[in-house]
1. I'm checking my understanding of the structure. Among residues of the stretch 262-271 that are on the phi < 0 side of the Ramachandran plot and in a loop (DSSP other than H, G, I, E, B), which one is surrounded by the most Cβ atoms within 10 Å (Cβ to Cβ)?
2. What number of residues within the stretch 303-337 satisfy the criterion of being of a type in the set (S, T, N, Q), in contact (Cβ under 8 Å) with a residue 24 or more places away in the chain and closer than 18 Å to ALA351 by Cα?
3. If you check ILE253, ILE259, ILE274, which single one turns out to be modelled with pLDDT of 95 or more, buried (at least 21 other Cβ atoms within 10 Å of the Cβ) and in the same structural domain as SER194 (by TED's automatic domain parsing)?
4. Restricting the search to the stretch 86-119, which residues are more than 22 Å from PRO153 (Cβ to Cβ), crowded, with 22+ Cβ neighbours inside 10 Å and in contact with a His (Cβ under 8 Å, 6 or more places away or on another chain)?
5. I'm trying to understand the selection: among the residues of the stretch 366-424, which are loosely packed, with under 15 Cβ neighbours inside 10 Å and among the hydroxyl-bearing types (Ser, Thr, Tyr)?
6. Out of (1) touching an Asp or Glu at 6+ places or on another chain (Cβ under 9 Å); (2) buried (at least 20 other Cβ atoms within 10 Å of the Cβ), what's the single condition that is false for GLN460?
7. Kindly evaluate LEU439 against the criterion of being closer than 18 Å to PHE257 by Cα, outside any loop (DSSP other than H, G, I, E, B), over 25 Å from the mean Cα position of the chain (by Cα) and not β-branched (Val, Ile, Thr).
8. Within the stretch 368-381, can you find the residues that are without any contact (Cβ under 8 Å) to a residue 40 or more places away in the chain and assigned to a loop (DSSP other than H, G, I, E, B)?
Amino acid sequence: METRTAPARPKIGMVSLGCAKNLVDAEIMLGGAARGEFEITREPAEADVLVINTCGFIDTAKEESIDTILEMHDRRMRENPGQKIIVSGCLAQRYHDQLREEIPEVDALIGLDQIARFPEIVREVLARPVPEIPAPLDLVTRQSRYIPDYDTPRFLLTPRHSAYLKIAEGCNHPCSFCVIPQMRGRHRSRTIASVVAEARQLVANGVKEINLISQDTTYFGMDLWTEKAGPRQPVDSSRGPTLSRLLEELDQIDGEFWIRLLYTHPAHWSGELIETIAQSRKVARYIDMPLQHIHADMLSTMRRETSRQHIEDLIVQLREGIPGLGLRTTFIIGFPGETEEHFTSLLEFIARVRFERLGVFAYSQEEGSRAGKMDGQIPTAVKNRRHRRAMQLQQQIAREHAAKRCGQVLRVLVEQPLVARSEHDAPEVDCRVLLEEPLPAGEFADVRVTGSQVYDLTAQAV
């Protein structure tokens, strides 16, 4: 009797660029495909359909995205001419008209609202005949409204013990340097029930660290009640969902895991939220709060919606209200109109506040942003010089912070047998704890700090 071999399932590959929020979009696309008739491959050359999930936030990210598209097309022509290429993500959302004209070899362009329809789109692309004149299938919608839900399938691209959980999409802030609202639309929160249900699934699958993300996590839920209460009313959890109420619900999930809070905004912190974090058993004593600048002139020009005094007071409240807090921030240097006085003021602030974790970015002149049209653009050489000075200052502060931890016992999450992260270290962006002997990856461990290497610590198991 003749044995028939089941037809091979089409393979889908993914190259995902940009931030953690973009990574979640990639995981959702792959999750929908893996649930159906497709196979996921980590080798781009093997894929019948290769997705390039792009970033379009700053110039370097856009260049990387375009270079990757061209590189993957060249590889396709050499190794797999029948392969289809789909471009997704922020670059496709923002520049699909230009991409359609300038890179016609791409088979399809999809935006944020097409994420949930990804398997259907792949089938359409695979069935599409090769046109005599290449023309991408452009499926991008102008105004994004999509948000994931708890039952949205995901194919995790992070290590199995750590995952990002997107609690909202879009942004309402008017920052003059940013075009995120133009790409991802206005802020729209998920429900608390949806987020908690997804968190339970992640913990049940072995995740030990849940990183809450959105464009502004502190704005979570406020869009669901501010229309009734008025946008200038103080946050009151009795009105509806807030981040405090979400954290309280997440704290009740059984199991040993961290909840890490990323991408908060100084405008929306409250005493209630600080108290909730301080009392939580699961929320890491770690706050990521990009401040961008501290001089009043720069905060005003950047349209940051907070004053210097508000920021100074908030940092005091955070450190007094949450014992053992590790505070991370980022600053933009070389913003249009930034004088040496403005920059010196920023350096003095960094030296005095002594952030546990800090990143510095040179301003990128974004097409379509208010700041991109401003006078007083700073020369690249000046931005680079200021960047070096700020990072040299922070390196010294980081070295002193690390040295003070020698002898302390830390709870760490083991990433690899000889590499771990502490409560103060978010994945990808922060420091590491280098272990002197291997420990089981994906598990918590107690270690004693034996030394430091500027940013990283060395430690041995207790």
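The values are calculated or read from the model by the stated rules, or taken from the named source; none is laboratory data. All values derive from a computational prediction rather than experimental measurement. Reconstructed Cβ throughout: ideal geometry from the backbone, glycine too, with neighbour counts over all protein chains shown.
1. So, considering only residues that are on the phi < 0 side of the Ramachandran plot and in a loop (DSSP other than H, G, I, E, B), the one surrounded by the most Cβ atoms within 10 Å (Cβ to Cβ) is THR264.
2. Looking only at the stretch 303-337, we keep the residues that are of a type in the set (S, T, N, Q), and these are 306-307, 309, 317, 329-330.
Next, only the ones that are in contact (Cβ under 8 Å) with a residue 24 or more places away in the chain stay: 306, 317, 329-330.
Remaining after also requiring closer than 18 Å to ALA351 by Cα: 329-330.
Matching residues across the stretch 303-337 total 2.
3. On inspection, the qualifying residue turns out to be ILE259.
4. VAL106, LEU109
5. If the condition is that a residue be loosely packed, with under 15 Cβ neighbours inside 10 Å and among the hydroxyl-bearing types (Ser, Thr, Tyr), then THR380 is the only one that fits.
6. (2)
7. Numbers: closer than 18 Å to PHE257 by Cα: yes; outside any loop (DSSP other than H, G, I, E, B): no; over 25 Å from the mean Cα position of the chain (by Cα): yes; not β-branched (Val, Ile, Thr): yes.
When the stated conditions are applied, LEU439 does not pass them.
8. Of everything in the stretch 368-381, those that are without any contact (Cβ under 8 Å) to a residue 40 or more places away in the chain and assigned to a loop (DSSP other than H, G, I, E, B) turn out to be ASP375, PRO379.
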